[in-house]
């Protein structure tokens with residue numbers, strides 16, 4: 001059913017309970033089947049012929065955010081997302097994936113994005129950098145996109161945004177594993193980026209950065225430019241003095257470290273530098289940096305909104321254990337998910353919009 005490599009990880013994980021307390025899905029649902037161990041046990045039974053892989057099992061494989069909290073904490077180096085992704089591939093191939101998931105895949109086939117809509121265009125010509133926005137920011141977080149592009153303009157950066165920005169493959173990869181259709185999206189995206197001839201690509205969504213920097217090289221998709229996160233790029237503009245800020249105190253806030261940026265690239269400082277430049281005094285939640293709890297992803301929100309809203313609420317509970325009333329994020333997917341469960345009296349802040357309003 002799944003590769004020997006994936007099965008190797010599943011067989012090892014099925015004996016171990018050590019990461020169960022870190023899984024944001026299990027923490028909110030309270031269901032043992034939502035632990036990495038239980039998923040490994042299911043696939044082990046299937047591989048031995050003890051059970052047939054069915055719709056109920058496939059459903060559990062999608063009750064996972066692929067946030068890598070389990071991977072980050074594993075002392076022995078095992079990676080549950082490897083076998084979970086492959087189990088999702090099997091579910092789609094055998095037509096037993098949840099109907100909500102299949103609807104999103106059909107949307108991608110029809111429109112290129114999970115929302116089944118014509119992707120709004122933020123196209124602009126520029127000669128210095130290429131900005132890759134991603135489908136979540138473009139389709140759902142227009143304010144964040146506009147604020148980010150205005151920051152570049154204020155800094156005197158000549159930025160290009162593609163008229164028809166192709167999907168990176170990150171969404172489809174989460175839905176059905178790293179199959180050929182995902183590789184084809186990656187190749188099309190690489191070609192579109194390389195065609196610009198620009199040598200710096202600034203990527204707004206960490207989910208897109210992750211697949212570009214981790215998976216593209218494996219597939220022979222060589223982006224002929226430096227790929228940098230939007231947070232790191234804005235932090236550089238602040239450090240160089242190209243963005244000048246006012247001396248304003250907006251109160252105490254905590255930064256949400258989105259899981260793929262924190263656990264894949266160990267990038268923590270830029271979001272905090274941006275928040276401070278925006279006028280916030282920054283405090284820390286207990287679960288921060290590499291140990292930050294996921295608040296959900298846009299694709300998971302699209303097919304299991306109730307569970308992701310619960311997970312987002314759990315992240316707000318982490319903030320409530322501090323004295324801060326403000327959560328700051330620079331990731332469009334995190335902003336979308338956190339916005340589903342803002343507690344009364346608390347505020348969710350887009351770091352780019354906040355910074356823009358604090359420029360001299």
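Among 153, 214, 195, which is more than 14 Å from the chain's Cα centre (by Cα), assigned to a helix (DSSP H, G or I) and over 21 Å from residue 350 (Cα atoms)?
Working: 153 fails: over 21 Å from residue 350 (Cα atoms); 214 fails: more than 14 Å from the chain's Cα centre (by Cα).
Sole residue among the options that is more than 14 Å from the chain's Cα centre (by Cα), assigned to a helix (DSSP H, G or I) and over 21 Å from residue 350 (Cα atoms): 195.
So that you can scan it fast, the table gives a plain yes or no per residue for (1) in a helix (DSSP H, G or I); (2) within 21 Å of residue 133 (Cα to Cα):
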position	(1), (2)
261	yes, yes
271	yes, yes
281	no, no
301	yes, yes
307	yes, no
312	yes, no
323	no, no
327	no, no
335	yes, yes
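Kindly list, by first and then second residue, each pair from a residue in the range 304-325 that is over 25 Å from residue 34 (Cα atoms) to a residue that is in a helix (DSSP H, G or I), limited to pairs with Cβ atoms under 9 Å and residues at least 6 apart or on different chains.
Partner pairs satisfying both residue conditions: 325/319.
Scan the range 76-85 and tell me whether some residue there is in a loop (DSSP other than H, G, I, E, B) and over 24 Å from the mean Cα position of the chain (by Cα).
Among the residues of the range 76-85, at least one is in a loop (DSSP other than H, G, I, E, B) and over 24 Å from the mean Cα position of the chain (by Cα), which makes the answer yes.
If residue 335 passes every condition in (1) within 11 Å of residue 256 (Cβ to Cβ); (2) crowded, with 20+ Cβ neighbours inside 10 Å; (3) touching a helix residue (DSSP H, G or I) at 6+ places or on another chain (Cβ under 6 Å) but one, which one does it miss?
In the conditions (1) within 11 Å of residue 256 (Cβ to Cβ); (2) crowded, with 20+ Cβ neighbours inside 10 Å; (3) touching a helix residue (DSSP H, G or I) at 6+ places or on another chain (Cβ under 6 Å), residue 335 misses (3) alone.
Would you be able to tell me the number of residues in the range 1-10 that are in contact with a helix residue (DSSP H, G or I) (Cβ under 8 Å, 6 or more places away or on another chain) and either closer than 15 Å to residue 72 by Cα or surrounded by fewer than 17 Cβ atoms within 10 Å (Cβ to Cβ) (or both)?
As a first pass, look at the range 1-10 and keep what is in contact with a helix residue (DSSP H, G or I) (Cβ under 8 Å, 6 or more places away or on another chain): 1-3, 5-7, 9-10.
Then drop every residue that is not either closer than 15 Å to residue 72 by Cα or surrounded by fewer than 17 Cβ atoms within 10 Å (Cβ to Cβ) (or both), which leaves 1, 3, 5, 9.
Here the count works out to 4.
Among the residues of the range 156-164, is there at least one that is in contact (Cβ under 8 Å) with a residue 60 or more places away in the chain, crowded, with 17+ Cβ neighbours inside 10 Å and outside any loop (DSSP other than H, G, I, E, B)?
no
Could you please find all residues in the range 198-210 being in a helix (DSSP H, G or I) and in contact with a strand residue (DSSP E or B) (Cβ under 9 Å, 6 or more places away or on another chain)?
Listed by number, the residues that qualify are 206, 208, 209.
One line per residue, one yes/no per condition, for (1) touching a strand residue (DSSP E or B) at 6+ places or on another chain (Cβ under 9 Å); (2) touching a residue at least 40 places away in the same chain (Cβ under 8 Å):
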position: 75; (1), (2): no, yes
position: 82; (1), (2): no, yes
position: 95; (1), (2): no, no
position: 107; (1), (2): no, no
position: 110; (1), (2): no, no
position: 114; (1), (2): no, yes
position: 118; (1), (2): no, no
position: 123; (1), (2): yes, yes
position: 130; (1), (2): yes, yes
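Go through the range 182-194 and count every residue that is out of contact with any strand residue (DSSP E or B) (no Cβ under 9 Å at 6 or more places or on another chain) and buried (at least 18 other Cβ atoms within 10 Å of the Cβ). Outline the logic, then answer.
Pass one, the range 182-194, residues out of contact with any strand residue (DSSP E or B) (no Cβ under 9 Å at 6 or more places or on another chain): 182-188, 190-192, 194.
Pick out the ones that are also buried (at least 18 other Cβ atoms within 10 Å of the Cβ) and you get 182-183, 185-186, 190.
Residues that pass the stated criteria total 5.
Which ones in the range 5-58 are farther than 20 Å from residue 69 by Cα and in a loop (DSSP other than H, G, I, E, B)?
48, 49, 50, 51, 52, 53, 54
Please work out if residue 174 is in contact with a strand residue (DSSP E or B) (Cβ under 7 Å, 6 or more places away or on another chain), touching a residue at least 60 places away in the same chain (Cβ under 8 Å) and closer than 26 Å to residue 83 by Cβ.
Taking the combined requirement at face value, the residue does not satisfy it.
Sort through 118, 127 and tell me the only one that's closer than 24 Å to residue 173 by Cα and either not in a helix (DSSP H, G or I) or not assigned by TED's automatic domain parsing to the domain that holds residue 298 (or both).
Exactly one of 118, 127 is closer than 24 Å to residue 173 by Cα and either not in a helix (DSSP H, G or I) or not assigned by TED's automatic domain parsing to the domain that holds residue 298 (or both), namely 118.
On the given criteria, is residue 235 surrounded by 24 or more Cβ atoms within 10 Å (Cβ to Cβ) and without any contact (Cβ under 8 Å) to a residue 40 or more places away in the chain?
Values: surrounded by 24 or more Cβ atoms within 10 Å (Cβ to Cβ): no; without any contact (Cβ under 8 Å) to a residue 40 or more places away in the chain: yes.
Criteria not met by residue 235.
Take the conditions crowded, with 24+ Cβ neighbours inside 10 Å, in contact with a strand residue (DSSP E or B) (Cβ under 8 Å, 6 or more places away or on another chain) and either at pLDDT 95 or above or part of a helix (DSSP H, G or I) (or both) and apply them to residue 253. Does it pass?
Yes.
Checking the structure you have, find out if any residue of the range 255-265 is free of Cβ contacts under 8 Å to residues at least 40 places away in the same chain and more than 13 Å from residue 354 (Cα to Cα).
Taking every residue of the range 255-265 in turn, at least one turns out to be free of Cβ contacts under 8 Å to residues at least 40 places away in the same chain and more than 13 Å from residue 354 (Cα to Cα).
The values are calculated or read from the model by the stated rules, or taken from the named source; none is laboratory data. Quantities reported herein were computed from a predicted structural model and do not represent experimental measurements. Every residue, glycine as well, gets a Cβ built from its backbone with ideal geometry; the counts of neighbours run over all protein chains shown.
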